[in-house]
Amino acid sequence: MAFFGAGMLVTFTEVAASLEDEFNEWYNREHIDERVNMPGFHRARRYIAADSATLVKYFATYETDTAEDLSAPAYMELLADQSDWSKKIMSQFSHFDRLTCRISIDQTHGVTGAAGLVRLFPPEAEMDRLREWLRETALPAMCQRQDVMGAALLENDLAVSNVGWLAAGNEIPADQKTEWLILIDATLPAAARGAAETVLGGDALTAFGMTARALDIGSYALLFGNQR
């Protein structure tokens with residue numbers, strides 16, 4: 001089974017060690033269910049970093065019918081009026097980033113216990129060629145590797161993202177660039193990282209005006225998820 005829709009919210013979070021236990025309780029017992037039950041939302045999953053090379057400790061995915069569901073009025077109202085527990089926890093995030101993505105390539109299959117995540121900023125002039133190469137060559141190669149069950153390309157929609165930033169009371173970040181994410185579903189975190197580093201390593205991206213050193217690759221283990 002592939003993703004539930006064509007949109008996906010991806011968030012990255014960290015908190016101080018002293019808050020971590022309550023942060024995880026809040027996320028597992030309130031936040032995931034609250035989001036899953038919003039109109040257009042279907043499934044949410046959250047992960048924890050599985051190795052020291054992964055830069056951000058927690059990330060989560062929220063699957064929606066469309067990217068536009070991530071700027072819908074009901075969702076914007078929720079962002080502007082969080083629960084007391086959410087206000088307490090979210091005000092103490094030491095790191096937070098959110099991407100409102102369109103799923104442009106979906107080659108996923110089933111549910112796995114680990115994920116790899118590749119963050120990149122492709123040159124605008126190379127986006128079409130890079131997307132085609134990922135669809136026809138790179139992602140299928142990842143999916144054929146041992147313990148890798150699927151992969152997808154997510155493209156951040158800045159117009160949708162900025163609606164959410166403003167609704168949450170944040171300023172729109174300066175000098176925005178379109179970020180892409182490659183999400184790799186695997187049974188083991190090491191398999192996800194290995195797929196990303198092998199298929200995208202070396203000079204694989206040189207033809208698209210990029211180098212492997214420009215990639216941010218993380219490997220994660222699944223913590224919790226829910227769906228409706």
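Listing for the model above:
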quantity	calculated
Computed over region 7-227: relative contact order in percent, which uses C-alpha pairs under 8 Å that are six or more apart	30 percent
Per-residue Cβ neighbour rank within 10 angstrom, fewest leading, ILE184, ILE105	ILE105, ILE184
LEU223 long-range amide H proximity, modeled H, under 5 Å	ARG46, TYR47, ILE48
Residues ARG129, ARG119, sorted so that the one with the fewest Cβ neighbours within 10 Å comes first	ARG129, ARG119
Residues SER161, SER18, sorted so that the one with the fewest Cβ neighbours within 10 Å comes first	SER18, SER161
Percent of alpha-carbon pairs separated by more than 34 Å within the chain	10 percent
Gaussian network model of the chain, Cα within-10 Å springs - most flexible of LEU70, LEU117, LEU55	LEU55
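Every number here is computed from the coordinates shown, using simple stated rules; none is lab data. Owing to the predicted nature of the structure, the values given are computational and were not obtained by experimental measurement. All Cβ positions, glycine included, derive from the backbone under ideal geometry; neighbour counts span all protein chains shown.
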